[in-house]
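Here's the structure, in structure tokens; my notes come after.
The values are calculated or read from the model by the stated rules, or taken from the named source; none is laboratory data. Not measured: the values here are computed from a predicted model. Reconstructed Cβ throughout: ideal geometry from the backbone, glycine too, with neighbour counts over all protein chains shown. Please note that ligands, DNA and RNA were not included when accessible areas were found on the heavy atoms of the full protein model with its side chains. Shrake-Rupley method; radii C 1.70, N 1.55, O 1.52, S 1.80 Å.
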Amino acid sequence: MTGKICGTGSWAPPKVWDNNDLARMVDTSDEWIRERTGVVQRHIAEENEDTVTMASRAAQRALEDADMKAEEIDLIIVATISPTEIMPCVACGVQEKLGAENATCFDLNGACTGSLLALNTAQAYLSQGIYQTALVIGAEKLSGLTDWTDRGTCILFGDGAGAVVLKAEEGGKYAQVTQSIGKKGGALTLRSRNQIQYETDPKAKETYIQMNGKEVFTFAVSKVPEAVKNLLSREKVPCEDIRYYLLHQANERIIRSAARRIGEDISKFPMNMDEYGNTSSASLLILLDEVKKSGKLQRGDKLVLAGFGGGLTYGASLIEY
């Protein structure tokens with residue numbers, strides 16, 4: 001059995017900050033940000049738009065696209081690093097909002113690789129017949145974790161959510177390669193705001209996203225093509241059989257470099273970081289929804305999804321649409 005995609009959805013807050021807005025906050029410019037990242041704007045959640053809210057709205061759209069009711073869902077997995085609450089988990093909040101009373105729910109923290117790892121996890125459950133239907137969501141409110149005085153990170157991140165509905169069916173194809181490099185984890189960090197430790201220093205820098213940009217860039221442009229090539233080689237699928245490569249939308253330069261190393265034309269690498277920035281766990285599923293809604297996919301098309309991020313973690317999955 002394979003979890004086949006039967007619905008996708010995404011949602012982003014209406015509020016938008018473009019690069020000129022950031023230029024009024026830190027020493028930067030629209031030209032500087034575009035040239036180095038490809039980001040033009042990012043969506044920013046309001047105070048009442050938390051991770052559960054965004055995840056639920058994307059999930060509802062995915063259910064509508066699949067023509068399914070929430071009660072039909074057996075499993076809900078939410079990939080996120082930005083829950084408003086430590087518990088209950090975001091997935092349980094989504095269950096409550098949707099009325100998906102028959103679902104088992106949990107969150108998964110894989111940083112920017114999160115939605116890819118969540119898809120792998122759901123596929124494992126579905127392939128074993130443990131569950132028949134799954135709702136996989138990536139949702140992030142990174143604006144609440146971003147130091148808006150740090151030019152090195154604040155230009156990158158935005159808020160949003162993406163979702164996909166999977167249904168177990170015979171046939172189809174799903175394969176994956178993943179890897180973690182824990183000893184490199186210091187390149188991208190975010191410390192929990194422990195109440196006792198930070199009650200006298202509530203704005204401690206380490207409780208916002210901290211990143212060694214050069215190290216993360218080097219990691220991404222080397223490991224993502226490696227994972228994609230290993231996956232396709234193992235599955236004996238030639239590059240020309242891949243309709244699209246959907247990569248985590250962190251930086252346009254990373255994606256262009258990965259395309260060159262994989263040996264494929266950049267036209268096979270859709271990008272939308274110009275509108276959303278880096279939405280971490282939400283990135284891949286927002287992009288998948290947009291590609292699907294564009295009408296450019298047909299049943300049987302082979303897609304490669306690849307993620308990379310904090311941990312450090314990275315991986316690639318091959319899916320037949």
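Any chance segment 9-16 includes a residue that's outside any loop (DSSP other than H, G, I, E, B), small (G, A, S) and under 29 Å from L303 (Cβ atoms)? Steps first, answer last, please.
Taking segment 9-16 as the starting set, the residues that turn out to be outside any loop (DSSP other than H, G, I, E, B) are 9-11, 16.
Going one step further and asking which of them are small (G, A, S), we end up with 9-10.
This time we only want the ones that are under 29 Å from L303 (Cβ atoms), so: 9-10.
Within segment 9-16, one or more residues are outside any loop (DSSP other than H, G, I, E, B), small (G, A, S) and under 29 Å from L303 (Cβ atoms).
When segment 57-68 is examined, which residues are found to be open to solvent by less than 10 Å² (accessible area, probe 1.4 Å) and in contact with a Lys or Arg (Cβ under 8 Å, 6 or more places away or on another chain)? Lay out the reasoning, then the answer.
So the first thing to find is which residues in segment 57-68 are open to solvent by less than 10 Å² (accessible area, probe 1.4 Å), and the list is 58-59, 62-63.
Result: L63, single match.
Given the conditions (1) over 21 Å from A139 (Cα atoms); (2) modelled with pLDDT of 95 or more, and given that T2 satisfies all but one, which numbered condition is not satisfied?
If we test T2 against (1) over 21 Å from A139 (Cα atoms); (2) modelled with pLDDT of 95 or more, just (2) comes out false.
In segment 52-99, which residue that is touching a residue at least 40 places away in the same chain (Cβ under 8 Å) and acidic (D, E) is nearest to A134 (Cα to Cα)?
Among residues in segment 52-99 that are touching a residue at least 40 places away in the same chain (Cβ under 8 Å) and acidic (D, E), the one nearest to A134 (Cα to Cα) is D74.
Across segment 193-216, which residue is modelled with the lowest pLDDT among those that are open to solvent by 50 Å² or more (accessible area, probe 1.4 Å) and among the β-branched types (V, I, T)? Before the answer, list the steps.
Applying the first criterion (open to solvent by 50 Å² or more (accessible area, probe 1.4 Å)) to segment 193-216 yields 193-197, 199-203, 205-206, 210-212, 214-215.
Filter once more, keeping what is among the β-branched types (V, I, T): 196, 200.
On the way: I196: 59, T200: 68.
Among those that are open to solvent by 50 Å² or more (accessible area, probe 1.4 Å) and among the β-branched types (V, I, T), it is I196.
Need a quick list: helices (runs of 4 or more DSSP H) entirely within segment 80-161 having at least 3 residues that are surrounded by 20 or more Cβ atoms within 10 Å (Cβ to Cβ) and in contact with an Asp or Glu (Cβ under 8 Å, 6 or more places away or on another chain).
90-98
Pairs only if they're at least six apart or on different chains, beta carbon under 6 angstrom, first in segment 124-138 and more than 13 Å from I77 (Cα to Cα), second of a type outside the set (A, V, I, L, M, F, W, C); list them, first residue then second.
That search, which allows pairs on different chains as well, returns Q132/D74.
Can you pull out the residues in segment 35-51 that are in contact (Cβ under 8 Å) with a residue 60 or more places away in the chain and part of a helix (DSSP H, G or I)?
Start the filter on segment 35-51 by keeping residues that are in contact (Cβ under 8 Å) with a residue 60 or more places away in the chain, which leaves 36-45, 49-51.
Listed by number, the residues that qualify are R36, T37, T51.
Residues to consider are K296, K302; find the one that is in contact with a helix residue (DSSP H, G or I) (Cβ under 7 Å, 6 or more places away or on another chain) and among the basic types (K, R).
Working: K296 fails: in contact with a helix residue (DSSP H, G or I) (Cβ under 7 Å, 6 or more places away or on another chain).
None of the others qualify; the one that does is K302.
Would you confirm whether any residue within segment 176-189 is under 19 Å from the mean Cα position of the chain (by Cα), part of a loop (DSSP other than H, G, I, E, B), closer than 24 Å to A91 by Cβ and modelled with pLDDT under 95?
no
Please tell me if E290 is open to solvent by 40 Å² or more (accessible area, probe 1.4 Å) and in contact with a Pro (Cβ under 9 Å, 6 or more places away or on another chain).
Values: open to solvent by 40 Å² or more (accessible area, probe 1.4 Å): yes; in contact with a Pro (Cβ under 9 Å, 6 or more places away or on another chain): yes.
Spelling it out, E290 is indeed open to solvent by 40 Å² or more (accessible area, probe 1.4 Å) and in contact with a Pro (Cβ under 9 Å, 6 or more places away or on another chain).
Each row is one residue, and each column tells you yes or no for (1) under 29 Å from L190 (Cβ atoms); (2) in contact with a Leu (Cβ under 7 Å, 6 or more places away or on another chain); (3) among the aromatic types (F, W, Y).
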position	(1), (2), (3)
I262	no, no, no
D289	yes, no, no
D301	no, no, no
G310	yes, yes, no
Y314	yes, no, yes
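Quickly run through segment 242-275 and pick out the residues that are among the β-branched types (V, I, T) and within 18 Å of the chain's Cα centre (by Cα). Step through it out loud before you land on a result.
Step one: filter segment 242-275 for residues among the β-branched types (V, I, T), giving 242, 254-255, 262, 266.
Across segment 242-275, the qualifying residues are I254, I255.
Determine whether segment 97-111 contains at least one residue that is among the small types (G, A, S) and closer than 20 Å to F308 by Cα. Quick ask: steps written out before the conclusion?
Our first condition is that a residue be among the small types (G, A, S); within segment 97-111, this holds for 99-100, 103, 110-111.
Those still in the list that are closer than 20 Å to F308 by Cα too: 110-111.
So far as segment 97-111 goes, yes, one or more of its residues are among the small types (G, A, S) and closer than 20 Å to F308 by Cα.
I'm told T279 meets every condition in (1) open to solvent by 10 Å² or more (accessible area, probe 1.4 Å); (2) closer than 25 Å to L63 by Cβ; (3) of a type outside the set (A, V, I, L, M); (4) within 13 Å of the chain's Cα centre (by Cα) except one. Can you identify the failing condition by its number?
The failed condition is (1).
Among the residues in segment 28-42, are any in contact with a Gly (Cβ under 7 Å, 6 or more places away or on another chain), closer than 21 Å to V136 by Cβ and crowded, with 21+ Cβ neighbours inside 10 Å? Before the answer, list the steps.
From segment 28-42, those in contact with a Gly (Cβ under 7 Å, 6 or more places away or on another chain) are 39, 42; that's our starting set.
Now restrict to residues that are closer than 21 Å to V136 by Cβ: none.
No, the conditions are met nowhere in segment 28-42.
Select, from A220, A316, A259, the only residue that is farther than 20 Å from S180 by Cα, open to solvent by less than 10 Å² (accessible area, probe 1.4 Å) and not charged (D, E, K, R). Quick ask: steps written out before the conclusion?
Working: A220 fails: farther than 20 Å from S180 by Cα; A316 fails: farther than 20 Å from S180 by Cα.
Result of the check over A220, A316, A259: A259.
Restricting to segment 69-79, give me the number of residues that are of a type in the set (D, E) and either open to solvent by less than 80 Å² (accessible area, probe 1.4 Å) or within 18 Å of K141 (Cβ to Cβ) (or both). I'd like the intermediate steps shown before the answer.
Pass one, segment 69-79, residues of a type in the set (D, E): 71-72, 74.
Filter once more, keeping what is either open to solvent by less than 80 Å² (accessible area, probe 1.4 Å) or within 18 Å of K141 (Cβ to Cβ) (or both): 74.
Total satisfying the criteria: 1.
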